[in-house]
Amino acid sequence: MRFDIITIFPEYFTPLSASLLGKAQDRGLLSFGVHDLREWAYDRHRTVDDTPYGGGPGMVMKPEPWGQALDDVLTPGARLVVPTPSGRRFTQKVAGELAASPQLVFACGRYEGIDSRVMAHYSSPSSGVEVDELSIGDYVLAGGEVAVLVMIEAVSRLVPGVLGNAESVSDDSFAPGRMENLVEGPVYTKPPVWRGLEVPQVLTSGHHGRIARWRRDEALRRTAALRPDLLARLGREGLDKHDRRL
Ligand SMILES: COC(=O)c1ccnc(N)c1
């Protein structure tokens, strides 16, 4: 899977060569291209922004450099992702959708945002590109770069082979299927007792059926306590025949 990022702060993306993502690159599972938008700003001062039409504070990113950059970077079938607080919510489900794309191109906006004609241009059916304006939560950042790091990490771990065999995404919080609209329960490792606190006995019973039931109960309990909004979405169809007794 190919990720391309267009930004005026390419240095934000040095973490991509670290840990999980670095190893996945070495194994050829993922590839990243980080591009400085100013490479496509052809005026003497390499200008990428200007004052907003209609007045108001701040600056808006000019369409010309973005159009040149995106024409060069986008390939057929790519998805153009524009991180913005006004976008649709980025969720585990959306991450799964994006993980199916051959190429994701992220346009990192700064200032008051990117001239809206850029998204309109690439949203037209003739562009052959799908445009997603996505938000990682209800708050505003100085630029889209941090949001892109969040989305790249959430998406790339879903790409087959990126996580080791020992790790599975199917039991993650929010994972489609049994965990959709649920958060995971508590986890434990050695030592068996720590500062007088013991590991729940069921987890050392070796009884896999009971352990799975306990984990499901704890996920429901934790979701009810911390994310009642998710539990409301779970509905009757999201519960299995044993859940009703909770
Ligand atoms: C400039 O981008 C943002 O402020 C942003 C992007 C994605 N999600 C957000 N919640 C904010």
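The values are calculated or read from the model by the stated rules, or taken from the named source; none is laboratory data. Quick caveat, the model's predicted, so the values are computed rather than measured. We place every Cβ from the backbone using ideal geometry, glycine too, and count neighbours over all the protein chains shown. Surface areas here come from the heavy atoms of the whole protein model, side chains and all, with no ligands, DNA or RNA. Shrake-Rupley method; radii C 1.70, N 1.55, O 1.52, S 1.80 Å.
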Considering only the range 61-148, give the helices (runs of 4 or more DSSP H) lying wholly within it that have at least 1 residues that are among the basic types (Lys, Arg). 92-98, 116-123
Out of all the residues in the range 111-124, is one or more closer than 26 Å to Val162 by Cβ, near the ligand (Cβ under 9 Å from one of its atoms), open to solvent by less than 40 Å² (accessible area, probe 1.4 Å) and assigned by TED's automatic domain parsing to the domain that holds Pro65? no
Suppose we filter the range 128-154 for residues that are more than 14 Å from the chain's Cα centre (by Cα) and either under 14 Å from Glu97 (Cα atoms) or within 16 Å of the ligand (Cβ to nearest atom) (or both); how many remain? 8
Could you say whether any residue in the range 27-39 is crowded, with 17+ Cβ neighbours inside 10 Å, over 18 Å from Arg110 (Cβ atoms) and touching a Leu at 6+ places or on another chain (Cβ under 9 Å)? yes
Checking Ala107 against (1) closer than 30 Å to Arg27 by Cα; (2) open to solvent by 20 Å² or more (accessible area, probe 1.4 Å); (3) in contact with a strand residue (DSSP E or B) (Cβ under 6 Å, 6 or more places away or on another chain), only one condition comes out false. Which one? (2)
Picking from Val150, Val140, Val155, the residue that is of a type outside the set (Lys, Arg), modelled with pLDDT of 95 or more and buried (at least 18 other Cβ atoms within 10 Å of the Cβ) would be Val155
Among the residues of the range 50-76, write down those that are more than 17 Å from Ala120 (Cα to Cα) and among the small types (Gly, Ala, Ser). Gly54, Gly55, Gly56, Gly58
Yes or no: Val202 modelled with pLDDT of 95 or more, open to solvent by less than 50 Å² (accessible area, probe 1.4 Å) and not in a strand (DSSP E or B)? yes
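Condition check ((1) in contact with a Pro (Cβ under 8 Å, 6 or more places away or on another chain); (2) exposed (fewer than 15 other Cβ atoms within 10 Å of the Cβ)) across all residues:
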site	(1), (2)
Val60	yes, no
Trp66	no, no
Arg79	no, no
Thr84	no, no
Thr91	no, yes
Val94	no, no
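To keep it simple, each residue is scored yes or no on (1) touching a Cys at 6+ places or on another chain (Cβ under 6 Å); (2) touching a residue at least 24 places away in the same chain (Cβ under 8 Å); (3) of a type outside the set (Val, Ile, Thr).
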{"site": "Leu20", "(1), (2), (3)": "no, yes, yes"}
{"site": "Lys23", "(1), (2), (3)": "no, no, yes"}
{"site": "Gly33", "(1), (2), (3)": "no, yes, yes"}
{"site": "His45", "(1), (2), (3)": "no, no, yes"}
{"site": "Gly54", "(1), (2), (3)": "no, no, yes"}
{"site": "Pro57", "(1), (2), (3)": "no, yes, yes"}
{"site": "Val60", "(1), (2), (3)": "no, yes, no"}
{"site": "Trp66", "(1), (2), (3)": "no, yes, yes"}
{"site": "Ala69", "(1), (2), (3)": "no, yes, yes"}
Picking from Arg157, Arg88, the residue that is within 16 Å of the ligand (Cβ to nearest atom) and in contact (Cβ under 8 Å) with a residue 40 or more places away in the chain would be Arg88
